[in-house]
Amino acid sequence: MSVMEWTPKMRVGLAELDDDHKELVRIINQLGSDYKDEDRRRAVRQSLVALRRYAEFHFAREEQVLMACAYTQLEGHQGEHRDFVQRIQELTRQFDSGPDGMAAIVNEELMDFLRDWLTHHIMIVDMAYRETIENNPAAKDAAKNFQGSQVWWSG
Ligand SMILES: [Fe+2]
């Protein structure tokens, strides 16, 4: 059973950003299907890293789009992005160095947090910019021209 699903209600007004959200959902579901099996520790760690990297990539792209549209609530939005990335980084550190087993870090509670955080972020925080970016040529251009490879591969 998957942790969460992307639904059309989550459309934020730009296909690239919707696709990013679908990818984040996919990674969370991957984590959710692996974490109960101690033998899949390696895969779980890879998903944690993928989640952090893809979140950074996507947040950077989203912020670029919002900047191009002179979105007025960008600062608070960026703060949410930053907190999320830090949380995942911290989790990965605990995962690597903690004396506890995998289940102490990656468990149902974490899955609930990831599902609730992403759902709330998309449905409330992201949805607030929908009107600003939908059918906005500046948003389309920014998404198309976004050079994300540096973010994606930066460690
Ligand atoms: Fe966002």
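The values are calculated or read from the model by the stated rules, or taken from the named source; none is laboratory data. Please read these numbers as outputs of a predicted model, since none were measured by experiment. Ideal geometry is used to build each Cβ from the backbone, glycine not excepted, and the neighbour counts take in all protein chains shown.
Kindly list, by first and then second residue, each pair from a residue in the stretch 121-133 that is touching a residue at least 12 places away in the same chain (Cβ under 8 Å) to a residue that is small (Gly, Ala, Ser) and more than 10 Å from the ligand (Cβ to nearest atom), limited to pairs with Cβ atoms under 7 Å and residues at least 6 apart or on different chains.
ARG130/GLY13; ILE133/GLY13; ILE133/ALA139
Taking ASP83 as the residue in question, decide whether it is surrounded by fewer than 19 Cβ atoms within 10 Å (Cβ to Cβ), assigned to a helix (DSSP H, G or I) and without any contact (Cβ under 8 Å) to a residue 24 or more places away in the chain.
yes
When you go through ASP96, ASP112, ASP116, ASP100 one by one, which is the residue that is outside any helix (DSSP H, G or I), at negative phi and surrounded by fewer than 16 Cβ atoms within 10 Å (Cβ to Cβ)?
Result of the check over ASP96, ASP112, ASP116, ASP100: ASP100.
Residue under question is VAL65, and the condition is that it be surrounded by fewer than 19 Cβ atoms within 10 Å (Cβ to Cβ), closer than 16 Å to ILE122 by Cα, within 14 Å of the ligand (Cβ to nearest atom) and at pLDDT 95 or above; does it hold?
no
Under 19 Å from ASP34 (Cβ atoms), within 16 Å of the ligand (Cβ to nearest atom) and surrounded by 16 or more Cβ atoms within 10 Å (Cβ to Cβ): which single residue out of ILE122, ILE88, ILE105 fits that description?
That would be ILE88, the only listed residue that is under 19 Å from ASP34 (Cβ atoms), within 16 Å of the ligand (Cβ to nearest atom) and surrounded by 16 or more Cβ atoms within 10 Å (Cβ to Cβ).
I want to confirm something. Restricting to the stretch 1-37 and keeping residues that are surrounded by 18 or more Cβ atoms within 10 Å (Cβ to Cβ) and free of Cβ contacts under 8 Å to residues at least 24 places away in the same chain, which single residue is nearest to MET102 (Cα to Cα)?
The qualifying residue nearest to MET102 (Cα to Cα) is ASP34.
Within the stretch 86-116, work out how many residues are in contact (Cβ under 8 Å) with a residue 24 or more places away in the chain and either closer than 23 Å to ASP18 by Cβ or acidic (Asp, Glu) (or both).
5
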